[in-house]
Amino acid sequence: MALAPAAFAQEGVRSGAGTAAAEAAARPARSTGDAWLDGRLVDIDRYAARYPDAFADELERYAGVPRAYVAGLLAQPRWSGGDAWFACFLARAVQATCRSVVRTRTRLGPEADWEAVAAEFDAAPGSDAYASVRLALADSYRRWDRPLQPDAALRRALREREAEVAAAAKAAAGSKGTAGATAR
């Protein structure tokens, strides 16, 4: 009789381990090949779960993906907010549709991570496409009023973009002055 509780406890541990393994298998392969980005995608999972309307608005307005498609994607097994965000902003960065990125991930199978999916679109960690995705992430966090600790690469990209915007504004202001002088 004394063995029954121990045997039951051991079975509970085994089934708990099986449950944890099943849960891990049900989770999508997350690795983008960029550890900093991977960490933000986990945070986006939490944001999307807590603020689903704001999350869907973000993807609709800035990635061009209809809200209904976002909702349908999030209702699918193995898709989280971070996955949907990455798929849609990767698509924007490589000038593809979010649907084509989603289909590529499905075609590659559950063991394929985001780095493999991105490679199908000639994007890799450190590429211009990944830099664009990182800048889009900074923009999303700003719009969500969410704290973000950029790494060195993102800080550099943000400074470069700021300098480009300032140079374009200066050039536009200069051309207005020249156009006004020419018109006289």
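The values are calculated or read from the model by the stated rules, or taken from the named source; none is laboratory data. As the structure is a prediction and not an experimental result, all values here were calculated from the model. Keep in mind that these areas ignore ligands, DNA and RNA; they rest on the heavy atoms of the full protein, side chains included. Shrake-Rupley method; radii C 1.70, N 1.55, O 1.52, S 1.80 Å.
When all alpha-carbon pairs of segment 101-184 are counted, what percent fall beyond 21 Å? Looking at segment 101-184, the distances longer than 21 Å represent 54 percent of pairs.
Solvent-accessible area per residue in segment 41-184 equals 57 Å², computed with a 1.4 angstrom probe and all protein chains kept. The fraction of Cα-Cα pairs per 10 angstrom bin, counted from 0 for segment 28-141, comes to 15, 55, 30, 1 percent, rounded to whole percents. Whole-Hz Karplus values for segment 53-67 come out as 5, 5, 5, 5, 4, 4, 5, 5, 6, 10, 10, x, 10, x, 3 Hz, taken residue by residue from phi with 6.51 cos²θ - 1.76 cosθ + 1.60 and θ = phi - 60°; glycine and proline positions read x. Return the carbon/sulfur percentage of the accessible area of segment 47-176, one whole number, probe 1.4 Å, all protein chains in place. Answer for segment 47-176 is 52 percent, counting heavy atoms of protein chains only.
For the set GLU111, GLU60, solvent exposure ranked by accessible area (probe 1.4 Å, protein chains only) runs largest to smallest as GLU111, GLU60. Sorting TRP79, TRP114 by accessible area puts them as TRP79, TRP114; the probe is 1.4 Å, largest comes first, and only protein heavy atoms count. Principal axis extents of the Cα atoms in segment 75-115, from largest to smallest and rounded to whole angstrom, are 25, 19, 16.
Residues ARG92, ARG134, ARG143, ARG103 ordered from highest to lowest accessible area at a 1.4 Å probe: ARG103, ARG92, ARG143, ARG134.
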